[in-house]
1. At pLDDT 90 or above, in contact with a helix residue (DSSP H, G or I) (Cβ under 8 Å, 6 or more places away or on another chain) and of a type in the set (A, V, I, L, M, F, W, C): is that true of ALA213 in this structure?
2. With the condition being modelled with pLDDT of 75 or more, in contact with a Phe, Trp or Tyr (Cβ under 9 Å, 6 or more places away or on another chain) and on the phi < 0 side of the Ramachandran plot, I'd like the helices (runs of 4 or more DSSP H) fully within segment 1-106 carrying at least 2 qualifying residues.
3. Quick one: SER249 ticks every box in (1) under 16 Å from PRO297 (Cβ atoms); (2) among the hydroxyl-bearing types (Ser, Thr, Tyr); (3) at pLDDT below 90 bar one, so which box is it?
4. Identify, from the list SER125, SER113, SER74, SER87, the residue that is touching a Gly at 6+ places or on another chain (Cβ under 7 Å) and without any contact (Cβ under 8 Å) to a residue 40 or more places away in the chain.
5. Considering only residues that are surrounded by fewer than 18 Cβ atoms within 10 Å (Cβ to Cβ) and either touching a residue at least 24 places away in the same chain (Cβ under 8 Å) or farther than 19 Å from PRO299 by Cβ (or both), which ones fall in segment 217-226?
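The values are calculated or read from the model by the stated rules, or taken from the named source; none is laboratory data. Nothing here was measured: the structure is a model prediction, and the numbers come from that model. A quick note on method: Cβ atoms are made from the backbone with ideal geometry, for glycine too, and the neighbour counts reach across all protein chains shown.
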Amino acid sequence: MLNIIMTIFHVVFFGFIIVSGICYGKTENLIQPEGLAPNGVKGVIDGAAIVYFSYIGYDSVSTMAEEIRNPSKSLPLGIVGSVLIVSVIYCLMALSLCMMVPYNKISSSASFSVAFQNIGWKWASNIVGAGASLGIVASLLVAMLGQARYLCVIGRARLVPSWFAKVHPKTGTPVNATIFLGFCQASIALFTELSIVLEMISIGTLLVFYLVANALIYHRYTIKTNNPPIYTIGFLLILSSASIGFSISWNFTHLQKWGLPLFGGCVIATTAIFQYLIPFSGSLDSPDHEWQVPFMPWPAALSIFLNVFLMATLRKLSYERFGVWTCLITLVYMLYGVHSAYQAEEMETVGDDMRAHCPNSNGEQPKVDIQVL
């Protein structure tokens, strides 16, 4: 019920900003000497990489698969629909903001509140500030919703202590994981600058989507079709290398003249040759076609290219911070996770053997309760 109320509030809130900005703004503010993109295409790309975190909310929908009645239809509709709706709202809000205030006078801390002050609507400025605060709270709650389920799943696999996999007996929600993540998020918000958090989230999200796109191609062309792995791995290496080359050429002016067409053409040609030569499993006539990505491998290849391209626009310091965090997580996995998961799997195998060879007096297999601490 709370989620429904918050959603209705945000729709009304965004609608008020869009309508007010477009109706009472000035089109002259859009016409600047530098044009609509004062920092050029490169400025747009750099900004897209930083605010990429704004789109991570839709992946929380996928974590609700266990709680959806018909996930094969509801999940794709929810994911695609949310991305399209959010994209339209972002574009309209950006348009209304630029109509109220010229781009060089937009506040970096409270953009819309200051914009309404500039057009003489101080009362609206206060409302927008309060609504933005509620929006941040809602975003944190949605993020915790998905993160708690991630932590619960890896707790079941014993990659982290199984304490995180405990669910509430009545609501069925991962209560321990939610409490732990709430404490962690509050600590990060208290001691960390927002810009650092945004860049860390963006680079982490881009890397995850890059890995998912690679995994999709490998699963479709190797695991499902039994093609030799060397073909798929070779294609992924060439595709990633060409994407890196294109990104490097983009960031250095003296390389753009020959680097962009060379590496861009390599991405297109490699994908076309791979599609033509390598068969795959994924006909839309298959029984599980709801889960199939059409026009493979082009969507996944485009995702790989774009993720690499956007990651290349982030600052060097973002990679250093992300590298330190990755090392810490890797140590936890190597020193605890892999051993705990192996031990749990081994104990489960022993339990299966006992149930198979030691039936009780009624001819039924005994129930063995094994817990790995």
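1. On the way: at pLDDT 90 or above: yes; in contact with a helix residue (DSSP H, G or I) (Cβ under 8 Å, 6 or more places away or on another chain): yes; of a type in the set (A, V, I, L, M, F, W, C): yes.
Yes: the conditions hold for ALA213.
2. Result: 2-24, 71-100.
3. (1)
4. On the way: SER125 fails: touching a Gly at 6+ places or on another chain (Cβ under 7 Å); SER74 fails: touching a Gly at 6+ places or on another chain (Cβ under 7 Å); SER87 fails: touching a Gly at 6+ places or on another chain (Cβ under 7 Å).
The unique qualifying residue is SER113.
5. Passing the criteria: LYS224, THR225, ASN226.
Okay, residues lined up against (1) of a type in the set (S, T, N, Q); (2) closer than 27 Å to ILE201 by Cα; (3) at pLDDT below 80:
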| site | (1), (2), (3) |
| --- | --- |
| THR271 | yes, no, no |
| SER286 | yes, no, yes |
| ALA301 | no, yes, no |
| PHE309 | no, yes, no |
| ARG315 | no, yes, no |
| VAL324 | no, yes, no |
| CYS327 | no, yes, no |
| GLU364 | no, no, yes |
